[in-house]
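The values are calculated or read from the model by the stated rules, or taken from the named source; none is laboratory data. Just so it is clear, the structure is predicted and the values come from calculations on it, not from any experiment. Cβ sites come from the backbone with ideal geometry, for glycine too, and all protein chains shown count toward neighbours. To get the accessible areas, we keep the full protein, side chains included, count just its heavy atoms, and leave off ligands, DNA and RNA. Shrake-Rupley method; radii C 1.70, N 1.55, O 1.52, S 1.80 Å.
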Amino acid sequence: MRIDPASPVPKYAQLRDLLLDWIEETQLSVDGAIPSERELGVRYGLSRMTVRQTIDHLVSEGKLYRVPGKGTFLARPKIEMSLRMASFTEDMRSRGFAPGAQDLARRVEAARGHVARMLDIDTGAPVHHIERLRTADGEPMAIERSNIPLSVAPGLAERSLSGRSLYQLLEDEYGLILDSGEQTIEAGLCDPTDARLLGLPPGSAVLLLQRRSFVNGKCVELAISTYRADRYQLHSTLDPRQRG
Ligand code: 16G
């Protein structure tokens, strides 16, 4: 395959496709090196600047990473975001990662505006606010900010969550088995505080998730979470029976 100078597709975009094909065909392993910018320029008859533009795009998409002075390498594949009711702990375990949680903040506060509306409780009603940095094999993946009405889990503030699953605790200690949920996912940019916690440059792309979980129609958790967009992707199966 060659670069087509007559194509309306810019050369850097053609090289992107060629490079991705090459990675697939050679079954390049994770952390495997791609050819140097000079080699790619010679191989495809492209200027160094065009090659750099292609690599820059693939790096910002999280497909490749650079090591200064060493070269450019294939990044790990992204994790498919679970669209099930699973807890972070279950999700990570099912993928072979060790789940972790670092407490960032825990307090009981009066529900206001959006939180009260989403939990369907009175303004001013007390809620547990729990902020945790979630890790997989020790690597920061997400920041989860959960709001749980005090009335559904009294005494939760005194229970340690370190090394423990929140969903498991709700089930074991309060008999709360989540039976339905809804979730919205949107793109966002990471603020400096979250960026530092997640080990990302400020302003990096993130996925913003809002999840409501229910037991018998009652909302027991509103979680507003920030997930690393360089480590997660969404995947869904498409059911043709649902057309129209
Ligand atoms: C999931 C949930 C979160 C919940 C957490 C409990 C999102 C998008 N999803 O990550 O709402 O608090 O699981 O995990 O935030 P745990 O049981 O491992 O503590």
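Looking only at residues that are more than 10 Å from the ligand (Cβ to nearest atom) and in a helix (DSSP H, G or I) in the range 166-175, which one is least open to solvent (accessible area, probe 1.4 Å)? Even if it seems obvious, please write down each step before you answer.
We begin by selecting, within the range 166-175, every residue more than 10 Å from the ligand (Cβ to nearest atom); these are 172-175.
Retained after the next criterion (residues that are in a helix (DSSP H, G or I)): 172-174.
Working: 172: 98, 173: 76, 174: 50 Å².
Filtering first and then ranking leaves 174.
Condition check ((1) open to solvent by less than 40 Å² (accessible area, probe 1.4 Å); (2) among the β-branched types (Val, Ile, Thr); (3) farther than 14 Å from residue 198 by Cα; (4) within 11 Å of the ligand (Cβ to nearest atom)) across all residues:
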residue: 115; (1), (2), (3), (4): yes, yes, yes, no
residue: 126; (1), (2), (3), (4): no, no, yes, no
residue: 129; (1), (2), (3), (4): yes, no, yes, no
residue: 140; (1), (2), (3), (4): yes, no, no, no
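Picking from 163, 199, 155, which residue would you name as being under 21 Å from residue 101 (Cα atoms), within 13 Å of the ligand (Cβ to nearest atom) and surrounded by fewer than 13 Cβ atoms within 10 Å (Cβ to Cβ)? Step through it out loud before you land on a result.
Numbers: 199 fails: within 13 Å of the ligand (Cβ to nearest atom); 155 fails: within 13 Å of the ligand (Cβ to nearest atom).
Testing whether each residue is under 21 Å from residue 101 (Cα atoms), within 13 Å of the ligand (Cβ to nearest atom) and surrounded by fewer than 13 Cβ atoms within 10 Å (Cβ to Cβ) leaves just 163.
Answer with yes or no whether residue 186 is part of a strand (DSSP E or B) and over 20 Å from residue 89 (Cα atoms).
Details: part of a strand (DSSP E or B): yes; over 20 Å from residue 89 (Cα atoms): yes.
Yes, satisfied.
Regarding the range 101-112, can at least one residue be identified that is of a type in the set (A, V, I, L, M, F, W, C), exposed (fewer than 14 other Cβ atoms within 10 Å of the Cβ) and in contact with a Lys or Arg (Cβ under 7 Å, 6 or more places away or on another chain)?
Scanning the range 101-112, I find no residue that is of a type in the set (A, V, I, L, M, F, W, C), exposed (fewer than 14 other Cβ atoms within 10 Å of the Cβ) and in contact with a Lys or Arg (Cβ under 7 Å, 6 or more places away or on another chain), so the answer is no.
When you go through (1) open to solvent by 60 Å² or more (accessible area, probe 1.4 Å); (2) of a type outside the set (A, V, I, L, M, F, W, C); (3) within 14 Å of the ligand (Cβ to nearest atom); (4) at pLDDT 95 or above one by one for residue 122, which number turns out not to apply?
(3)
What residue, among those in the range 83-93 that are free of Cβ contacts under 8 Å to residues at least 12 places away in the same chain and open to solvent by 20 Å² or more (accessible area, probe 1.4 Å), is nearest to residue 168 (Cα to Cα)?
Our first condition is that a residue be free of Cβ contacts under 8 Å to residues at least 12 places away in the same chain; within the range 83-93, this holds for 84, 86, 91, 93.
Going one step further and asking which of them are open to solvent by 20 Å² or more (accessible area, probe 1.4 Å), we end up with 84, 93.
On the way: 84: 16, 93: 14 Å.
Filtering the range 83-93 for residues that are free of Cβ contacts under 8 Å to residues at least 12 places away in the same chain and open to solvent by 20 Å² or more (accessible area, probe 1.4 Å), the one nearest to residue 168 (Cα to Cα) comes out as 93.
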